[in-house]
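Everything on this sheet refers to the single structure shown next.
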């Protein structure tokens, strides 16, 4: 594991307040947004964020659980994955 | 963002829609220090050794799974072939060792444990014989233990006495597990040129040249390759090969990352990454379906061997570029019961046992998860094994037979195993006898290919 950066993806039917609600959870867990992009792909709202975690004792599973629960509330799928999962596959 | 959103979504799609997974994280554990003449002490030593190394395996693997969001389907353990470490045991029945392995697997929380094995390509020691004779009872009284016997190699030839014996052992194992359709045989493999570091079951064992503890990772993704090939518009075969290579590269990188991180956290050596397209019963997660995507009407028809050769080679090339630790079997598996496309092909009459045998000369392993009628003579099973071993011996490759003479079944019946093992249609075998050939015994000498020094 080379960094403490995570890719957060939010995919689902678009509605008002998704960004606000999701980022609120991130703020609560002190996760800084390094980059964010948002688009509508095949009628699906797709948001991808690069989040940075500073705290060494960060409780990843609690954060993942909170994000999933918020996603379920909003009717969207939220995933929190270490950036290496993507970097290893697409970059040398 | 250094990564493009399309790349991120591609990875997510591979996992959620196309069944990309880390099929197994397999911890290899040496039991060479466990030998003891008293079988109870021996069993105690084995249990303690396994628990010492594997106590955190499942917890660590689960952490990695959630960190990367990549499913790890199985956690497994492989151990030194029991025939070697049990050689000095005074007991003749070694099934209690299998029960110890089963208990250790249960307590460590893993899905399977492999290594109730013997390597007898050139001859049987008394320890090997004790182990092989204990196999039916071992598999009938355990749920997680897998067994394998290597009966041939390019360097040694084929031990036909062992081939003959294994035909009988397979029948006996089926009979002892007849209440579950002969499922014991789904956990028993007969090998030629068995690799020392294969993470896949039922053939995994921890080879004698391996260190105390090692992590081997098996990655799978026939569904990903299938989707990638199907997305091509009117491709040439060269373009298909290129596409498979690139896809295999990406899948392998994922396994490399997981393997390195798991071994780092467990302070174990990272052994090999085995990229094997291992199908599951899920629709589309099928090797047969990839062959059909190349333009064959149904898997098993003329052209299937060529299509499989292209697939297997492209997978190896992509994998070899993606990791410096590629090993094990790496290629495409062609099990019948675990692949919905293969099952379909058998049922519609396009795929026969003979064609499967031909295909094993270019796939990564061999005849796998094939159900045959319960009344098949053991000499016919031995002859099927002998043919497969010959392909492995001459072509310097691993071949294997995992075949289930399902008790009480006839051609056309379906045998249900459940889970990843799937369901197998009972396939016909040749009616003409091989008994006299098998009864000759002895050894088929090592081929000219063995003289490489």
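Kirkwood analysis of the Cα pair distances in the protein assembly as shown returns a hydrodynamic radius of 24.2 Å. When chain A is treated as a Gaussian network with alpha carbon springs shorter than 10 Å, the biggest mean-square fluctuation among A:31, A:19, A:76 belongs to A:19.
Taking label positions 7 Å along the Cα-Cβ direction at both residue A:13 and residue B:208, the computed distance is 6.5 nm, reported to one decimal. Helical runs assigned H by DSSP (4 residues or longer) give chain B a calculated mean residue ellipticity at 222 nm of -13500 deg cm²/dmol, each run adding -39500 (n - 2.57) before division by the residue total. Here the calculated FRET efficiency for residue B:125 and residue B:396, from their Cβ-Cβ distance with R0 = 25 Å, stands at 0.45, rounded to the nearest 0.05. This ranking places A:36, B:132 by how few other beta-carbon atoms lie within 10 Å of each, fewest first, which gives A:36, B:132.
State, as an integer percentage, the relative contact order of chain A based on alpha-carbon contacts under 8 Å between residues 6 or more apart. List each step's numbers first, then the result.
Numbers: 131 pairs, mean separation 39.3, N = 92.
Averaging sequence separation for qualifying contacts and normalising by length gives 43 percent for chain A.
Sort B:389, B:294, A:41 so the one with the fewest other Cβ atoms within 10 Å of its own Cβ comes first.
By the 10 Å Cβ count, ascending: A:41, B:294, B:389.
Highest mean packing first, where packing is the average number of other Cβ atoms within 10 Å per residue, the peptides B:22-28, B:137-143, B:156-162, B:329-335 line up as B:22-28, B:329-335, B:156-162, B:137-143. Running Debye on region B:31-192 with equal point scatterers at the Cα sites and no solvent, what base-10 log of I(q)/I(0) appears at q = 0.09, 0.14, 0.15 Å⁻¹? With one equal scatterer per Cα and no solvent, log10 I(q)/I(0) is -0.31, -0.72, -0.81. When A:50, B:20, B:2, B:291 are sorted by how many other C-beta atoms sit within 10 angstrom of their C-beta, beginning with the fewest, the order is B:2, A:50, B:20, B:291.
Per residue, the Cα convex hull of region B:162-211 amounts to 89 Å³.
Radius of gyration (Cα atoms) of region B:214-443, expressed as a multiple of 2.2 N^0.38 Å: 1.05.
Let me confirm one metric for peptide B:243-256, namely the mean number of other chain beta-carbon atoms within 10 Å of its residues' beta-carbons.
Details: counts 0, 0, 0, 0, 0, 0, 2, 3, 1, 2, 8, 5, 1, 2.
Across the residues of B:243-256, the mean count of other-chain Cβ atoms within 10 Å is 2.
With a Förster radius of 51 Å applied to the beta-carbon distance between residue A:62 and residue B:414, the computed FRET efficiency rounds to 0.65.
Convex hull over the alpha-carbon atoms of chain B: what's its volume per residue in Å³?
Working: hull volume 61.8 nm³, N = 453.
Spelled out: Cα convex hull of chain B, divided by residues, is 136 Å³.
Site pair residue A:39 and residue B:283 shows an inter-label distance of 2.9 nm when each label is modelled 7 Å from Cα along Cα→Cβ. A Förster radius of 22 Å, combined with the Cβ-Cβ distance separating residue A:27 from residue B:4, puts the computed FRET efficiency at roughly 0.25.
Based on DSSP, what percent of beta bridges with both residues in chain B are antiparallel, to the nearest 5? Walk me through the numbers on the way to the answer.
On the way: 18 of 54 bridges.
So the antiparallel bridges amount to about 35 percent of the total.
Calculated translational diffusion coefficient of region A:5-90 (37 °C, 0.692 mPa s; Stokes-Einstein with Kirkwood radius over alpha-carbon pairs) equals 251 µm²/s.
Run the helix sum for chain A: -39,500 (n - 2.57) per DSSP H stretch of 4+ residues, divided by residue count, reported at 222 nm to the nearest 500 deg cm²/dmol. Mind showing how you got there, number by number?
Working: 3 runs with 33 residues, N = 92.
Mean residue ellipticity at 222 nm (helix-derived): -11000 deg cm²/dmol.
Working from the Cα coordinates of region B:195-326, the gyration tensor eigenvalues give, after taking √(5λ), semi-axes of 30, 15, 12 Å in decreasing order.
Any read-out appearing in this document is the output of simple, stated calculations on the displayed coordinates, not a laboratory observation. Not measured: the values here are computed from a predicted model. Positions of Cβ are generated from backbone atoms using ideal geometry, with glycine treated the same way; all protein chains shown enter the neighbour counts.
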